[in-house]
């Protein structure tokens with residue numbers, strides 16, 4: 001079982017977002033109520049929604065130490081996936097933080113599959129922190145703006 005950390009301090013601000021507007025690379029937080037869940041308030045680097053199972057998937061930051069969290073962003077930067085400190089392509093009230101993973105709205109060289117194979121699969125701690133969540137059990141989904149001093 002992976003050790004859990006409290007990484008809430010990386011969140012500077014957040015705003016509510018409907019699940020249909022989530023883009024790969026966004027960092028989101030939500031309430032999760034499922035039997036036997038060990039992290040009811042995950043901070044998730046969102047990567048994918050599975051249309052068949054109705055699950056969202058991504059990297060749960062609460063299972064990464066602050067050192068590993070910094071390493072994640074260093075590796076991401078090294079692999080040429082730009083870190084956009086403020087973006088607003090889906091027209092929310094405020095800008096939000098997003099790693100530039102390709103979407104239909106904004107193309108990038110980094111696809112979700114490539115990000116998973118190049119970044120997440122390359123480190124055992126990242127692989128252990130990869131989670132999926134049932135959309136029906138999510139409430140209060142919020143996209144975040146993060147404090148960059150905790151990841152640089």
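Worth pointing out:
- Residue list for the range 26-41, filter: in contact with a helix residue (DSSP H, G or I) (Cβ under 6 Å, 6 or more places away or on another chain) and closer than 17 Å to residue 9 by Cα: 39
- Whether a residue is surrounded by 14 or more Cβ atoms within 10 Å (Cβ to Cβ), touching a residue at least 24 places away in the same chain (Cβ under 8 Å) and not in a helix (DSSP H, G or I) was assessed, and residue 92 passes this test.
- Set 59, 44: member being touching a helix residue (DSSP H, G or I) at 6+ places or on another chain (Cβ under 6 Å), in contact (Cβ under 8 Å) with a residue 60 or more places away in the chain and either outside any loop (DSSP other than H, G, I, E, B) or surrounded by fewer than 18 Cβ atoms within 10 Å (Cβ to Cβ) (or both): 59
- All told, residue 85 falls short of being farther than 16 Å from residue 25 by Cβ and at pLDDT below 90.
- Any hit, the range 99-111, residues being more than 30 Å from residue 36 (Cα to Cα), in a strand (DSSP E or B) and at pLDDT below 90: yes
- Residue list for the range 111-125, filter: over 13 Å from residue 75 (Cα atoms) and in contact with a strand residue (DSSP E or B) (Cβ under 8 Å, 6 or more places away or on another chain): 112
- Here the range 22-40 is the region considered, the condition is being in contact (Cβ under 8 Å) with a residue 12 or more places away in the chain and either closer than 20 Å to residue 67 by Cβ or loosely packed, with under 13 Cβ neighbours inside 10 Å (or both), and the residue that is nearest to the chain's Cα centre (by Cα) is 27.
- Residue match in the range 68-84 (condition: within 19 Å of residue 132 (Cβ to Cβ), surrounded by 16 or more Cβ atoms within 10 Å (Cβ to Cβ) and touching a helix residue (DSSP H, G or I) at 6+ places or on another chain (Cβ under 6 Å)): no
- Sole residue being in contact (Cβ under 8 Å) with a residue 24 or more places away in the chain and either exposed (fewer than 14 other Cβ atoms within 10 Å of the Cβ) or farther than 23 Å from residue 8 by Cα (or both), chosen from 115, 125: 115
The values are calculated or read from the model by the stated rules, or taken from the named source; none is laboratory data. Computed from a predicted structure; not experimentally measured. Quick reminder, even Gly has a Cβ in these numbers, built from the backbone with ideal geometry, and neighbours come from all protein chains shown.
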